[in-house]
1. When the range 21-57 is examined, which residues are found to be surrounded by 13 or more Cβ atoms within 10 Å (Cβ to Cβ), part of a loop (DSSP other than H, G, I, E, B) and touching a residue at least 40 places away in the same chain (Cβ under 8 Å)?
2. Please specify each residue of the range 99-114 satisfying the condition of being assigned to a helix (DSSP H, G or I) and either loosely packed, with under 12 Cβ neighbours inside 10 Å or among the hydrophobic types (A, V, I, L, M, F, W, C) (or both).
3. What do you reckon, is Leu60 under 13 Å from the mean Cα position of the chain (by Cα) and in contact (Cβ under 8 Å) with a residue 40 or more places away in the chain?
4. Quick check: is even one residue across the range 78-97 closer than 24 Å to Ile14 by Cβ and either in a helix (DSSP H, G or I) or out of contact with any Pro (no Cβ under 9 Å at 6 or more places or on another chain) (or both)?
Amino acid sequence: MCEFKVLARSFNSIEDVGSDIIYAKFNYGDVTLRDIIGNEKTVNSAIIDEVNVAKEQLKLFKHPIIKLLFNFLKKYEECLNTGVYSEELESLWEDVKSAGSNMVREIWLKLKGD
């Protein structure tokens, strides 16, 4: 059987989040990991970035905007499936846009601002 070491990368760090992982599931912005003895751990606001069987390594990418985006997509899918519009969709989209705007502002101040 193949057990994975799991690393989570963000823009400024790499974190070891698990070992002997035999199961990984992405669910709307979170990744649930299960190890060989059945212990589960959820890595919030993350996506699966790379699966390398040869190295027995699973890499995740973490950032707060991931959860916001997938909350929006989940509600969007719900509206499509039910045929019912929800004003919550607009609020969730505003959350995504606000987080993105803050990121742009932060990088602008860091790289171009005085």
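All of the numbers you see were taken from the coordinates with simple rules; none came from a lab. Note that the structure is predicted; figures quoted are calculated from it, not measured. Quick reminder, even Gly has a Cβ in these numbers, built from the backbone with ideal geometry, and neighbours come from all protein chains shown.
1. If the condition is that a residue be surrounded by 13 or more Cβ atoms within 10 Å (Cβ to Cβ), part of a loop (DSSP other than H, G, I, E, B) and touching a residue at least 40 places away in the same chain (Cβ under 8 Å), then Tyr28, Gly29, Glu56 are the ones that fit.
2. Kept after step one, since they are assigned to a helix (DSSP H, G or I), are these residues of the range 99-114: 99-111.
Answer for the range 99-114, where residues must be assigned to a helix (DSSP H, G or I) and either loosely packed, with under 12 Cβ neighbours inside 10 Å or among the hydrophobic types (A, V, I, L, M, F, W, C) (or both): Ala99, Ser101, Met103, Val104, Arg105, Glu106, Ile107, Trp108, Leu109, Lys110, Leu111.
3. yes
4. Step one: of the range 78-97, the residues closer than 24 Å to Ile14 by Cβ are none.
No.
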